[in-house]
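Asks: What follows is a structure written as C-alpha cells; I'll ask about it next.
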Amino acid sequence: MTGAIDVGGVTVWPGWLSPEAQIAMAADIRAVVASAPLYAPETPCGRKMSVRMTAAGDYGWISDRRGYRYESRHPSGVAWPTIPASVLAVWEGLAGVARAPQCCLVNWYDEAARMGLHQDRDEADLTMPVVSISLGDDALFRVGGVVRGGKTQSIWLRSGDVAVLGGPARLAYHGIDRVRPGSSTLFPRGGRINLTLRVVD
C-alpha cells in the first residue's frame with residue numbers, strides 16, 4: 001500500500017487491500033450475489049444501465065421507472081444479505097466516523113460498462129462519507145466539482161484501491177469512463193466489482 005492520493009478532493013488509497021484480502025472479499029461478495037442476484041437497473045426514463053447491481057445491508061439503492069431511492073428489499077422481494085465483515089473492516093479503517101454503513105451497493109462492470117458523472121445524494125445525512133472499494137479490472141475514475149460541468153480529474157483505480165468521498169468532495173460529480181479488460185486476474189472471466197458503502201438515514 002502506498003500513501004493517499006488526492007483526486008479532486010476525493011482521497012484514493014492505492015493498494016489498501018492486499019491480494020489475499022481481495023480474494024477473500026471477492027468470495028464474500030459471491031455469497032452476497034448468490035443470496036441477492038445481480039439485476040439490470042434502468043433509469044427513470046427507461047434506459048437500461050450498463051452495470052448490473054445488487055446490495056447488502058439494511059438497504060439497497062434502486063433505480064427504475066419510479067425513480068432513484070433506497071429500499072429494504074431486493075427487487076425479487078428477498079431481504080438484502082448482511083454486509084460482510086471484510087467489507088465493514090474497510091469502512092472502519094477509512095471512513096473516520098462512528099456510524100456503521102447501512103448499505104453496501106455492489107456494481108458489476110463488464111468490459112463495456114460505464115457510469116456517467118453523477119452525485120451520491122439520496123442519503124439523509126450528507127456529512128457521512130461514501131467509501132468505494134475496487135475489485136478486479138482497472139477502471140478510469142473521473143471526478144469533477146460539486147456542480148455539473150467544469151474541470152475534471154481522472155485516475156486509474158486498480159483492484160484493492162479504496163476511494164473516500166467526504167468533506168467538501170462528498171457531493172463531487174464522479175463516474176467511470178471505461179474498464180481495462182484483462183488487467184486483473186481476480187475474477188477468472190474478467191470484469192470489475194465496485195462496492196460503495198453509505199450511511200442511508
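Asks: What single numbered condition from (1) touching a Cys at 6+ places or on another chain (Cβ under 9 Å); (2) within 21 Å of A26 (Cβ to Cβ) fails to hold for F141?
Replies: Result: F141 fails condition (1) only.
Asks: Now, a different point. Consider T196 against the criteria (1) without any contact (Cβ under 8 Å) to a residue 12 or more places away in the chain; (2) in contact with a Cys (Cβ under 8 Å, 6 or more places away or on another chain): it satisfies all of them except one. Which criterion is unmet?
Replies: Checking T196 against (1) without any contact (Cβ under 8 Å) to a residue 12 or more places away in the chain; (2) in contact with a Cys (Cβ under 8 Å, 6 or more places away or on another chain), the one that fails is (1).
Asks: Out of region 46-60, which residues are of a type in the set (G, A, S), part of a strand (DSSP E or B) and closer than 18 Å to Q119 by Cα?
Replies: Answer for region 46-60, where residues must be of a type in the set (G, A, S), part of a strand (DSSP E or B) and closer than 18 Å to Q119 by Cα: just G60.
Asks: Looking at region 25-39 only, could you name the residues that are within 15 Å of the chain's Cα centre (by Cα) and assigned to a helix (DSSP H, G or I)?
Replies: Answer for region 25-39, where residues must be within 15 Å of the chain's Cα centre (by Cα) and assigned to a helix (DSSP H, G or I): M25, A26, I29, V32, V33.
Asks: Also, quick follow-up: If you check L117, L140, L126, L171, which single one turns out to be under 30 Å from E20 (Cα atoms) and either over 14 Å from the mean Cα position of the chain (by Cα) or not aromatic (F, W, Y) (or both)?
Replies: Going through L117, L140, L126, L171 in turn, just one is under 30 Å from E20 (Cα atoms) and either over 14 Å from the mean Cα position of the chain (by Cα) or not aromatic (F, W, Y) (or both): L140.
Asks: Moving on. Taking region 139-157 on its own, how many of its residues are of a type in the set (D, E, K, R) and more than 17 Å from T196 (Cβ to Cβ)?
Replies: Here the count works out to 2.
Asks: I've got another one for you. Kindly indicate which of A124, A79 is surrounded by fewer than 18 Cβ atoms within 10 Å (Cβ to Cβ), of a type in the set (A, V, I, L, M), out of contact with any helix residue (DSSP H, G or I) (no Cβ under 6 Å at 6 or more places or on another chain) and touching a residue at least 60 places away in the same chain (Cβ under 8 Å).
Replies: A124
Asks: Hey, another quick one. Residues in region 58-66: is at least one surrounded by 15 or more Cβ atoms within 10 Å (Cβ to Cβ) and on the phi > 0 side of the Ramachandran plot?
Replies: No, region 58-66 has no match at all.
Asks: Filter region 61-115 for residues that are part of a loop (DSSP other than H, G, I, E, B), closer than 23 Å to S159 by Cα and of a type outside the set (A, V, I, L, M) and give the result.
Replies: Of everything in region 61-115, those that are part of a loop (DSSP other than H, G, I, E, B), closer than 23 Å to S159 by Cα and of a type outside the set (A, V, I, L, M) turn out to be T82, P84, G96, P101, D110, E111, R114.
Asks: Among the residues of region 54-69, is there at least one that is among the hydrophobic types (A, V, I, L, M, F, W, C) and in contact with a Gly (Cβ under 8 Å, 6 or more places away or on another chain)?
Replies: Looking through region 54-69, none of the residues is among the hydrophobic types (A, V, I, L, M, F, W, C) and in contact with a Gly (Cβ under 8 Å, 6 or more places away or on another chain).
Asks: Restricted to region 2-16, and to residues that are out of contact with any strand residue (DSSP E or B) (no Cβ under 7 Å at 6 or more places or on another chain) and in contact (Cβ under 8 Å) with a residue 12 or more places away in the chain, which residue is surrounded by the most Cβ atoms within 10 Å (Cβ to Cβ)?
Replies: G9
Asks: So the check is Cβ under 6 Å with 6+ separation or different chains; which pairs have a first residue in region 153-171 that's closer than 19 Å to S183 by Cα and a second one that's modelled with pLDDT under 95 and not in a helix (DSSP H, G or I)?
Replies: Nothing qualifies.
Asks: Quick check on A113: is it surrounded by 14 or more Cβ atoms within 10 Å (Cβ to Cβ) and of a type in the set (G, A, S)?
Replies: yes
Asks: Oh, and also: Given the criteria assigned to a strand (DSSP E or B) and over 23 Å from V32 (Cβ atoms), does L140 qualify?
Replies: yes
The values are calculated or read from the model by the stated rules, or taken from the named source; none is laboratory data. Keep in mind that what you see is a predicted model, and the values were worked out from it rather than measured. Glycine gets a Cβ as well: all are built from the backbone with ideal geometry, and neighbour counts include every protein chain shown.
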